[in-house]
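As structure tokens, the structure follows; a few thoughts come after it.
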Amino acid sequence: MKRFNSFTILLLALIWSGCSVSKDTALPNIAPGLFRNSLPKDSSSVGGMPLKSFINDLTVQNLIDTALVKNYDMQIALKNIDAAEVLFKQSKLGYLPELKLQVAASSSRPSDNSLNGLSLNQFTGSTHIEDYNANLGVVWEADIWGKIRNQKAGALASFLQTEEARKAVQTRLVSNVAQGYYNLLMLDAQLEIAKKNLKLNDSTLRIINLQFDAGQVTSLAIQQAQAQQLNAAQLIPRLEQNVTLQENALSVLIGTLPKAINRDSRLDKMNLPQELNAGFPSSMLSRRPDIKSAELALTIANAKVGVAKASLYPSLVITASGGINSFKASNWFNVPASLFGLVGAGITQPIFQRGQLKTSLELAKIDREKSVIQFRQSVLNAVGEVSDELTKVEKLKAQYSIAEKRAQTLQQASRNASLLFKSGMANYLEVITAQGNLLQSELELTTIKTEQLNAVVGLYRSLGGGWQ
């Protein structure tokens with residue numbers, strides 16, 4: 001009884017001291033108070049808006065819905081979640097004992113000239129030994145140092161990390177689909193501009209040909225007008241090629257075979273949100289999947305340190321087995337005569353394993369330090385991305401305003417040049433120059449408008465939006 005009490009006291013002492021074996025490393029607080037180029041009105045952020053509320057174009061919504069179901073990166077992310085869930089469920093069984101069933105039958109014949117053979121023949125009158133055994137064995141390790149607890153915590157963090165990885169894939173997918181569609185609208189607008197400009201050049205070339213026939217201009221005027229016309233004509237097949245390539249890329253992105261993309265919108269009809277509040281960096285950290293994944297990576301690293309440290313301490317293993325055993329098959333199931341049982345417990349303390357356990361612990365600590373650095377890096381990258389997108393949104397707005405005024409001015413200049421040219425008050429070079437400047441300004445205006453739309457989507461993604 002005293003021996004049992006001593007063993008119980010020792011076990012309780014080990015369990016009590018085991019609570020302090022592993023301590024978690026706290027997350028470093030490195031988020032700034034504000035984003036650069038941002039003065040938030042309140043803590044609300046566009047990153048917290050639901051996807052359907054932020055992107056209200058039905059065509060883009062349908063493309064995103066298709067991508068979330070058919071995109072292969074998304075499907076792989078979901079399979080990774082399934083695999084991690086299986087491992088997590090298995091880790092929850094770590095506190096339970098192992099149970100094994102063993103059924104065995106054996107027959108051995110010792111040498112007649114051996115001691116076993118002479119004794120066997122003398123006492124049993126037989127030349128061979130038979131042994132029939134069936135038993136259930138139980139092995140259970142007490143979680144004194146929190147090894148199983150840390151393994152379970154690591155498995156849970158790994159499972160949650162795959163979910164954050166899925167969110168990260170989704171936010172990137174949403175952003176890429178929306179930006180791909182906006183690029184497609186830009187190419188449509190540029191193709192329309194190129195065709196309109198080509199018609200304008202055709203009209204100018206006809207007038208110059210008439211003037212050449214009348215002896216008012218030289219062949220140089222015709223050559224200059226033809227070169228301008230060919231420049232506009234060359235844009236059309238190039239833009240048509242880019243449209244097809246963009247449609248193919250968008251089709252692959254949404255998980256379908258390359259095909260034409262239906263689009264009911266025009267670039268000039270796409271509206272930009274008026275209010276783009278970024279909120280505070282602290283709220284962004286709680287939404288960004290990559291930062292949550294880095295945080296969970298630190299949890300996993302902490303758990304591995306706990307497992308490695310617990311491996312240095314004694315382990316208490318309790319074993320038990322019981323079943324039926326007989327030297328004759330006819331008596332195998334003769335109960336209770338064939339019943340047997342065995343119970344045992346042991347404490348194992350590693351002493352020397354060529355430094356493997358200490359090396360594993362040191363490596364686990366180094367991995368934990370790396371996880372802290374990676375967490376810092378992920379926060380730094382996230383804050384930098386938000387600041388970049390805020391700058392783009394602000395400066396592209398100013399660029400678009402200037403480019404729009406320039407395009408309007410050149411539109412009026414092109415009309416005036418055509419009227420003056422028809423009345424003989426302007427030469428062909430002025431007309432060609434005006435038309436060329438107008439073409440470039442209108443193309444540039446569509447590019448800036450697309451960059452604005454992409455920057456808004458990029459800001460939404462960088463603030464952690466897109467997975468809600």
- Asn325 being polar (S, T, N, Q) and under 17 Å from Asn135 (Cα atoms): yes
- Out of all the residues in the range 442-461, which are surrounded by fewer than 21 Cβ atoms within 10 Å (Cβ to Cβ) and more than 30 Å from Arg287 (Cβ to Cβ)? Leu443, Glu444, Thr447
- Item | Output for the range 44-72, where each listed residue is farther than 25 Å from Ala278 by Cα and among the charged types (D, E, K, R) | Asp65, Lys70
- Within the range 340-390, which residues are β-branched (Val, Ile, Thr), surrounded by 12 or more Cβ atoms within 10 Å (Cβ to Cβ) and either in contact with a Pro (Cβ under 7 Å, 6 or more places away or on another chain) or closer than 30 Å to Leu136 by Cβ (or both)? Ile347, Val372, Val383
- Message: Scan the range 392-415 and tell me whether some residue there is buried (at least 19 other Cβ atoms within 10 Å of the Cβ), part of a helix (DSSP H, G or I) and polar (S, T, N, Q).
- Response: yes
- Message: The conditions are (1) at pLDDT below 75; (2) surrounded by fewer than 14 Cβ atoms within 10 Å (Cβ to Cβ); (3) within 25 Å of the chain's Cα centre (by Cα), and Lys89 fails exactly one of them. Which is it?
- Response: (1)
- Scanning the range 424-468 for residues that are outside any helix (DSSP H, G or I) and in contact with a Phe, Trp or Tyr (Cβ under 7 Å, 6 or more places away or on another chain) gives Gly465, Gly466
- Given the conditions (1) in contact with a helix residue (DSSP H, G or I) (Cβ under 6 Å, 6 or more places away or on another chain); (2) over 30 Å from Ile148 (Cβ atoms); (3) modelled with pLDDT under 85; (4) of a type outside the set (Gly, Ala, Ser), and given that Trp332 satisfies all but one, which numbered condition is not satisfied? (1)
- Conditions: (1) surrounded by 13 or more Cβ atoms within 10 Å (Cβ to Cβ); (2) part of a strand (DSSP E or B); (3) free of Cβ contacts under 8 Å to residues at least 40 places away in the same chain. Ala104 meets all but one. Number of the miss? (1)
- Query: From the list Ser293, Ser311, which one is of a type outside the set (A, V, I, L, M) and modelled with pLDDT under 85?
  - Reply: Ser311
- Query: Taking into account only those residues within the range 303-322 that are surrounded by fewer than 21 Cβ atoms within 10 Å (Cβ to Cβ) and of a type outside the set (A, V, I, L, M), which is farthest from the chain's Cα centre (by Cα)?
  - Reply: Gly322
- Please work out which residue is farthest from Ala310 (Cα to Cα), limiting yourself to the range 323-339 and to residues that are in contact (Cβ under 8 Å) with a residue 24 or more places away in the chain and either surrounded by 12 or more Cβ atoms within 10 Å (Cβ to Cβ) or of a type in the set (A, V, I, L, M, F, W, C) (or both). Ala329
- Query: Among the residues of the range 219-234 satisfying the criterion of being closer than 15 Å to Leu191 by Cα and touching a residue at least 60 places away in the same chain (Cβ under 8 Å), which is surrounded by the fewest Cβ atoms within 10 Å (Cβ to Cβ)?
  - Reply: Asn231
- Task: Considering (1) at pLDDT 90 or above; (2) of a type in the set (Val, Ile, Thr); (3) touching a Phe, Trp or Tyr at 6+ places or on another chain (Cβ under 6 Å), say which one Val252 fails and leave the rest.
- Result: (3)
- Checking Ser251 against (1) under 27 Å from Trp467 (Cα atoms); (2) touching a residue at least 40 places away in the same chain (Cβ under 8 Å); (3) touching a Lys or Arg at 6+ places or on another chain (Cβ under 9 Å), which test does it fail? (2)
- Task: Return only the number of the condition from (1) free of Cβ contacts under 8 Å to residues at least 60 places away in the same chain; (2) touching a helix residue (DSSP H, G or I) at 6+ places or on another chain (Cβ under 8 Å); (3) farther than 26 Å from Leu191 by Cα; (4) in a helix (DSSP H, G or I) that Arg368 does not satisfy.
- Result: (1)
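The values are calculated or read from the model by the stated rules, or taken from the named source; none is laboratory data. In this text the structure is predicted, and so the values were computed from the model without any measurement. Cβ coordinates were reconstructed from backbone atoms using ideal geometry, including for glycine residues, and neighbour counts include every protein chain displayed.
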